[in-house]
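Everything below concerns the one structure shown next.
The values are calculated or read from the model by the stated rules, or taken from the named source; none is laboratory data. As the structure is a prediction and not an experimental result, all values here were calculated from the model. All Cβ positions, glycine included, derive from the backbone under ideal geometry; neighbour counts span all protein chains shown. Accessible surface is based on the protein model in full, side chains and every heavy atom, while ligands, DNA and RNA are left aside. Shrake-Rupley method; radii C 1.70, N 1.55, O 1.52, S 1.80 Å.
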Amino acid sequence: MTTSTQNIDSLVIQKIEQCYLTATDYFNCSFERPTIRFNQRGKIAGSARLQTNELRFNPVLLKDNQETFINEVIPHEVSHLLTFSLFGRVKPHGKEWQSIMIDVFKLQPNTRHQMDVTKVTGKIFLYHCQCGPVELSIRRHNKVVKGKQNYICRRCKNTLQKS
């Protein structure tokens with residue numbers, strides 16, 4: 001691990017702690033701190049594992065989008081853990097989660113990031129239907145090849161075929 005990666009990771013850990021302190025003040029109760037991992041893969045910036053109280057962050061997207069991670073991704077993911085702690089199992093981006101984003105962290109409850117995912121995009125396989133070409137990820141392509149899954153076009157409702 002390079003020094004710069006350690007510095008970025010340290011900033012993430014500090015921001016998570018800051019979010020928890022803000023939530024502790026707002027709700028007047030303490031929260032168990034999560035395990036933090038930097039092993040999220042693919043196009044996902046971060047994820048919250050509710051049952052294991054764990055936060056995962058994508059190291060590639062983090063390195064290229066530090067400010068967005070600090071200001072948006074971390075509060076977003078911490079809000080998921082706080083929501084689970086306070087309300088149990090509810091809709092992932094439901095009214096409880098949204099209220100934490102708005103009332104506690106003073107942020108818009110956005111559900112998707114706008115980061116460039118070029119570096120983390122996996123191999124794409126071209127399929128087609130009556131509408132034209134459709135791109136499938138390697139995971140979905142492999143399911144088709146193994147006969148475990150067929151995918152249907154949302155527009156024309158036909159089964160996608162390998163190009």
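Taking Val117 as the residue in question, decide whether it is farther than 22 Å from Tyr20 by Cα and open to solvent by less than 80 Å² (accessible area, probe 1.4 Å).
yes
Restricting to region 82-93, name every residue that is touching a helix residue (DSSP H, G or I) at 6+ places or on another chain (Cβ under 8 Å) and either free of Cβ contacts under 8 Å to residues at least 12 places away in the same chain or open to solvent by less than 70 Å² (accessible area, probe 1.4 Å) (or both).
Residues satisfying the conditions are Leu82, Thr83, Leu86, Phe87, Val90, Lys91.
For region 96-106, does any single residue satisfy the condition of being surrounded by 16 or more Cβ atoms within 10 Å (Cβ to Cβ), at pLDDT 95 or above, of a type in the set (Asp, Glu) and within 14 Å of the chain's Cα centre (by Cα)?
no
When the residues of region 138-163 are filtered to those that are open to solvent by 50 Å² or more (accessible area, probe 1.4 Å) and under 23 Å from Ile44 (Cβ atoms), which remaining residue is farthest from the chain's Cα centre (by Cα)?
Lys148
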